[in-house]
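The values are calculated or read from the model by the stated rules, or taken from the named source; none is laboratory data. A quick note: this is a predicted structure, and the numbers were derived from the prediction, not measured. Cβ coordinates were reconstructed from backbone atoms using ideal geometry, including for glycine residues, and neighbour counts include every protein chain displayed. Surface accessibility is based on the protein's heavy atoms, side chains included, excluding ligands, DNA and RNA. Shrake-Rupley method; radii C 1.70, N 1.55, O 1.52, S 1.80 Å.
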Amino acid sequence: QVRLVESGGELVQAGESLRLSCAASGLTFSANYMAWFRQAPGKEREPVAAISGTGLLTYADAMKGRFTISRDNAKNTVYLQMNTLKPEDTAIYYCATGLTDSTRRLYRRSYAFWGQGTQVTVSS
């Protein structure tokens, strides 16, 4: 079955950078969209970015500029580079795959498979 395992989350200071990873298995990785979402305490899960198997990038408007999504199809891994982190970036970050509607690739309900999440905490 499809399995997604996120890693890289930790406690950092404001202004620092962090790179998250998500290792995928049980699917033809290079043929699938991958996406990152995040969920802060008490808030809805929100999109960060998505990337197609061929590298087409889509970012949520609020995430443009400091976040970069990328993938390594040879390693079945998708990454999220986060720069100049702010306390408001504190959240659980999830990766997702199994996109069911390519016209709605920033909608959480468009994805069938999710990882367990990795906690990112940014202190001020």
Any hit, the range 85-98, residues being part of a loop (DSSP other than H, G, I, E, B), open to solvent by 50 Å² or more (accessible area, probe 1.4 Å) and under 30 Å from SER124 (Cα atoms): yes
Residues (under 15 Å from THR121 (Cβ atoms), open to solvent by 50 Å² or more (accessible area, probe 1.4 Å) and either part of a loop (DSSP other than H, G, I, E, B) or in contact with a helix residue (DSSP H, G or I) (Cβ under 8 Å, 6 or more places away or on another chain) (or both)) located in the range 1-13: GLU10
Test: residue in the range 60-71 that is in contact with a Pro (Cβ under 6 Å, 6 or more places away or on another chain), under 18 Å from TYR107 (Cβ atoms), open to solvent by less than 60 Å² (accessible area, probe 1.4 Å) and in contact (Cβ under 8 Å) with a residue 24 or more places away in the chain: yes
Failed item, numbered, when MET34 is tested on (1) hydrophobic (A, V, I, L, M, F, W, C); (2) under 20 Å from MET82 (Cα atoms); (3) open to solvent by 60 Å² or more (accessible area, probe 1.4 Å): (3)
Within the range 1-29, tally of residues that are closer than 9 Å to VAL78 by Cβ and among the small types (Gly, Ala, Ser): 3
Failed criterion for GLY53 (all others in (1) of a type in the set (Gly, Ala, Ser); (2) part of a strand (DSSP E or B); (3) open to solvent by less than 40 Å² (accessible area, probe 1.4 Å) hold): (2)
Odd one out for MET34, checked against (1) farther than 19 Å from GLY15 by Cβ; (2) free of Cβ contacts under 8 Å to residues at least 60 places away in the same chain: (2)
